[in-house]
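Some notes on the structure that comes next.
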Number of protein chains: 2
Amino acid sequence: MATTTTQTLSEENYLKAIYHLEKQGHGKVSATAIAEELDNNPASVVDMLKRLSDKKLIQYDKNKGAVLTASGQKVAVLIVRKHRLWEVFLHDKLGYSWDEVHDIAEQLEHIRDYDLPDRLDKFLGFPKYDPHGDPIPQSNGNLPAFSSILLSDAVVNRKMKVVKVSDDSPDFLRYLEKQGIGLNQPILIKEIQEFDKSVLVELKGKKEVYLSAEAAKKIFVK
Amino acid sequence: MATTTTQTLSEENYLKAIYHLEKQGHGKVSATAIAEELDNNPASVVDMLKRLSDKKLIQYDKNKGAVLTASGQKVAVLIVRKHRLWEVFLHDKLGYSWDEVHDIAEQLEHIRDYDLPDRLDKFLGFPKYDPHGDPIPQSNGNLPAFSSILLSDAVVNRKMKVVKVSDDSPDFLRYLEKQGIGLNQPILIKEIQEFDKSVLVELKGKKEVYLSAEAAKKIFVK
DNA sequence: TATTATAATTAGGCTTGCCTAATTTTTTGA
DNA sequence: TCAAAAAATTAGGCAAGCCTAATTATAATA
């Protein structure tokens, strides 16, 4: 009974937003949280949640927030898969830097073709992670295993490797770039300041950099 | 004074349609012709022509039809460039057949990024023609030289090569495929029937095929 | 608990881009 | 030239998605 309907661009963006918010796990996915994520008005969100509910893509209850149904989840995961595959394409094949790929992938993720994600996946050599270290959902919807800790939770004097950043905004990524921090790069945590939780790390070439607590909370290491 | 505004998806499709109709040169580009091309209602077309006129992307006069302005032309050519580059990507890199690429490129052509067309072009090795033999506009808007004649206008007993088809619909392309006709393929025109203008051609392996006058009018040879 | 702040909802409105039906204009050809 | 056919336009409407402003529920706190 796979009544496979199609989603509008806007519906896809809502499902993706709900998926990300569920994943982050800051409690229930409220209308306000979605509005903030998508930078639009709570009243608009209520409209859309109604529509997504009617289409059985989510369950919505004012008190419990929005929850993806199995089919909503499937749609959302596919969008994330496409987004991350396209990011790899843009980065690896077209030479875009990691701070440029997100916005373009934001458009490419909506391209509809049954075969395209798998063909792209194969063409790219079945990558496991995107240029920000985020795991790429497989064709079956599974996410590759991924273990890491926040840089802000790391132990001093341990050699680690940057494996993911959880903020793909150009501003943040360019800031990291400027500090000399990139994906898969070894770093040594020298000290964590007590008073402001800022982290002093040593990069290749003995270069030392202070990262604010805010930044350290967006960097995952292993 | 390059007041570079952005077009909606629908506006882009109208500009592209007008571009193609201008190119075909069946006289003026009327509202009805556009409606037919886009498979929508003439009343809707009038709406949109008004909007495109206001934005100075076209000039519209009921009697003279729609004509792209310089800036409208620029937008249209870029869309065509993107469409054809993506078709090459889908065909050459992802292994799609020539009847599958059009519909996906129809979506990809709307992806917006200043650098993308040029980067894609470079990545693909600066192709001159798409998988249907249509010339790809260069970065500066120029079209590569292209000389060919319609198969229906060809002379009997001449060895020629299929260089372009002017109908990218899957049905037509799959029909050609089934007949054994593909791009860059040598064919010998054996005879043209007087009574129905159908064309008998010889393909590789001495295989002989009758093509209807309608089909022959959509195949370009050189 | 009562008050206040926050969240959710409702009502009403806007733009885009499409539609149908009716009307007017233009073209064609008898 | 004039009637019929074709093309263009106008009027009125609709759904998707967004908005603001006003209202109602819920949660937090003095």
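Treating the angle as unsigned and between 0 and 90°, give the value, to the nearest 10°, between the Cα long axis of helix A:70-88 and the longest Cα principal axis of chain A. Tilt relative to chain A: about 40 degrees. All C-alpha to C-alpha distances of the stretch A:170-222, sorted into 10 Å bins beginning at zero, yield P(r) values of 24, 61, 15 percent in whole numbers. Distance between the 7 Å Cα→Cβ label points at B:THR8 and A:HIS20: 2.5 nm.
Here the protein assembly as shown yields Rg over Rh of 1.05, to two decimals, using C-alpha coordinates and the Kirkwood radius.
Here the translational diffusion coefficient of chain B follows from Stokes-Einstein with Rh set to the Kirkwood radius across Cα pairs; for 25 °C and 0.890 mPa s it amounts to 130 µm²/s. For B:LEU9, the distances from its label point to the matching points in the remaining copies are 0.5 nm, ordered from shortest, with each point set 7 Å beyond Cα toward Cβ. Label-point spacing for B:PRO42 across the identical copies (point 7 Å from Cα in the Cβ direction), in nm and ascending order: 5.1. Dipole check for the stretch A:1-140: with +1 at the C-beta of Lys and Arg, -1 at the C-beta of Asp and Glu, and the Cα centre as origin, the magnitude is about 660 Debye. With label points set 7 Å from Cα along Cα→Cβ, the inter-copy distances at A:GLU202 are 8.0 nm, sorted shortest first.
Using the rule -39500 (n - 2.57) for each DSSP H run of four or more residues, divided by the residues of chain B, the 222 nm mean residue ellipticity is -11500 deg cm²/dmol.
Result for chain B in a Gaussian network model with C-alpha springs under 10 Å: among B:VAL163, B:VAL77, B:VAL155, the largest mean-square fluctuation is at B:VAL155. Charging the Cβ of each Asp and Glu at -1 and of each Lys and Arg at +1, and nothing else, the dipole of the stretch A:77-218 about its Cα centre rounds to 600 debye. In the elastic network of chain A, a GNM with C-alpha springs shorter than 10 Å, the most mobile of A:LYS55, A:LYS206, A:LYS159 is A:LYS206. Orientation-averaged projection of the stretch A:87-181 equals 7.3 nm² [convex hull of Cα atoms, one quarter of hull surface area]. For the stretch B:175-217, chymotrypsin sites (Phe, Trp or Tyr not before Pro) meeting the loop criterion (DSSP other than H, G, I, E, B) and having at most 16 other Cβ atoms within 10 Å: B:PHE195.
Averaging the sequence gap over all C-alpha pairs within less than 8 Å and six or more residues apart, then dividing by the number of residues, gives the stretch B:1-85 a relative contact order of 31 percent. Pairs from the list A:LYS16/A:LYS207; B:LYS93/B:LYS217; A:LYS28/A:LYS217; A:LYS122/B:LYS218; A:LYS128/A:LYS217 with a Cα-Cα gap above 32 Å: A:LYS16/A:LYS207; A:LYS122/B:LYS218.
Readers should treat all values here as calculations from the given coordinates under stated rules, not as data from a laboratory. Computed from a prediction, not measured in an experiment: that's the story for all the values here. Because the Cβ atoms are built from the backbone with ideal geometry, glycine has one as well, and the counts that use them run over all protein chains shown.
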